[in-house]
Amino acid sequence: MKISKNQLRKIIVEAMAGGTPPPTNSREWMEWGISHGLDANLDRSGQVVFYTDDRVVADAAELSGADDIERDNMGQFVIYTGAYDKGRAR
């Protein structure tokens, strides 16, 4: 039996999350952030983003399906979730 890379990634993500599926919307991402000790922020377009100095948390976000992770000019990881909360866009 062969397993695709995407299937393997999903299995790893679920195992790391205790069998819970990865977040798929803004509310779930905000809950994910709380469970990792992060405060959710919204960018100008209403996308849920997180800031952290912790590489392990950034890696967990990537495994959970975050759209992108970058470093800002202060060296923090910026986690772009790809989930939008249009009702709260600033």
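GNM on the chain, C-alpha springs below 10 Å: top fluctuator among 73, 25, 41?
Looking only at 73, 25, 41, the biggest GNM fluctuation is shown by 73.
Give the relative contact order (percent, whole number) for the chain; include only Cα pairs under 8 Å separated by 6+ residues.
Details: 130 pairs, mean separation 25.7, N = 90.
Computed over the chain, the figure is 29 percent.
Dividing the Cα radius of gyration by the Kirkwood radius, what Rg/Rh value follows for the chain?
1.00
Select from 34, 80, 23 the residue farthest towards the positive end of the dipole of the chain; place +1 on Cβ of Lys and Arg, -1 on Cβ of Asp and Glu, and compute about the Cα centre.
Value computed over the given set: 23.
If we sort 52-63, 75-86 on the protection proxy, mean other Cβ atoms within 10 Å, highest first, what's the order? Let's see the in-between values first.
Working: 52-63: 16.1, 75-86: 17.8.
Final packing ranking: 75-86, 52-63.
Laboratory data are not the source of any read-out in this text; all were calculated from the coordinates shown. From a predicted model like this one, the values you see are computed outputs, not experimental measurements. Cβ: placed from backbone, ideal geometry, glycine included. Neighbour counts: every protein chain shown.
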